[in-house]
Amino acid sequence: MASNMPATRDLLETPVQPTDAAVTVQGERFRRYLSAERIKKRVAEMGKTIARDYATTTPILVSVLNGAFMYTADLMRAIDTDCEIDFIKLSSYGDEKVSSGEVRELKSVDAELEGRDVLVVEDIVDTGLSMEFMKRRLAEYNPASLRVSTLLHKPTATEPDLTLDYVGFRIPDLFVIGYGLDYGQLARNLSDIYILDEG
Ligand code: 5GP
């Protein structure tokens, strides 16, 4: 073990999650915006609605890496009917807080989607470019149906024609982190969602 690693006892005594109302990541201050409790409640509601809507079929969830991994794990457990999972990875913001406007597919789905009921599971829709790209890309597989779910949506930033079937929370057009969402790859492990503090 590297000499600068803390002893196991110290690790156990360290709080797993910061409980503060604000966190600083890479020199930027973020304030707590959605608590883990609130997220849990909303994800449970979404799972119930999705289970009801797909009661007569076995949908395949297509989770968008990396940001949606935590939301996907919770959403899937909230769906109490048969469902499957696969993953897709698109190019993201990198280490920036604004979209580059360019979307590329970094990892495609492995499952056979033709004739399947596909539900995209995305963490956040900002400009909507990634979701538009994904809908077009997944439609090429000729699924029986294609719907999208996103935990967060910034409506004022999004192309108005984009249809989102299941939305967790509508939020202001500000950068958010936590619950799978990163800033320069950090902060994904926060249980709450934090929003950039402009004040
Ligand atoms: P869009 O294509 O809708 O502009 O952006 C989609 C992707 O950008 C999301 O999947 C996510 O990776 C990233 N993104 C957009 N807004 C935010 C944000 O507020 N915080 C973080 N961490 N990522 C974001």
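Residues of the range 164-181 that are within 7 Å of the ligand (Cβ to nearest atom) and assigned to a strand (DSSP E or B): Val176, Ile177, Leu181. Pairs are defined by a Cβ separation below 8 Å, a sequence spacing of at least 6 or placement on different chains, a first member in the range 95-115 that is at pLDDT 70 or above, and a second member that is surrounded by fewer than 13 Cβ atoms within 10 Å (Cβ to Cβ) and in a loop (DSSP other than H, G, I, E, B); the pairs so defined are Leu113/Asn142; Glu114/Asn142; Gly115/Asn142; Gly115/Ala144. The lone criterion from (1) modelled with pLDDT under 95; (2) near the ligand (Cβ under 9 Å from one of its atoms); (3) not in a loop (DSSP other than H, G, I, E, B) left unmet by Glu122 is number (1). Restricting the range 59-78 to residues that are part of a helix (DSSP H, G or I) and buried (at least 23 other Cβ atoms within 10 Å of the Cβ), the residue that is farthest from the ligand (Cβ to nearest atom) is Leu75.
Scanning the range 182-194 turns up no residue that is more than 23 Å from Gly27 (Cα to Cα) and outside any loop (DSSP other than H, G, I, E, B).
Here is a list: Thr150, Thr127, Thr158, Thr163. Which entry is exposed (fewer than 15 other Cβ atoms within 10 Å of the Cβ) and hydroxyl-bearing (Ser, Thr, Tyr)? Explain how you work it out, then say what you get.
Details: Thr150 fails: exposed (fewer than 15 other Cβ atoms within 10 Å of the Cβ); Thr127 fails: exposed (fewer than 15 other Cβ atoms within 10 Å of the Cβ); Thr158 fails: exposed (fewer than 15 other Cβ atoms within 10 Å of the Cβ).
Exactly one of Thr150, Thr127, Thr158, Thr163 is exposed (fewer than 15 other Cβ atoms within 10 Å of the Cβ) and hydroxyl-bearing (Ser, Thr, Tyr), namely Thr163.
The values are calculated or read from the model by the stated rules, or taken from the named source; none is laboratory data. This one's a predicted model, so the numbers in the text were calculated from it and none came from an experiment. Glycine also receives a Cβ, built like all others from the backbone with ideal geometry; neighbour counts cover every protein chain displayed.
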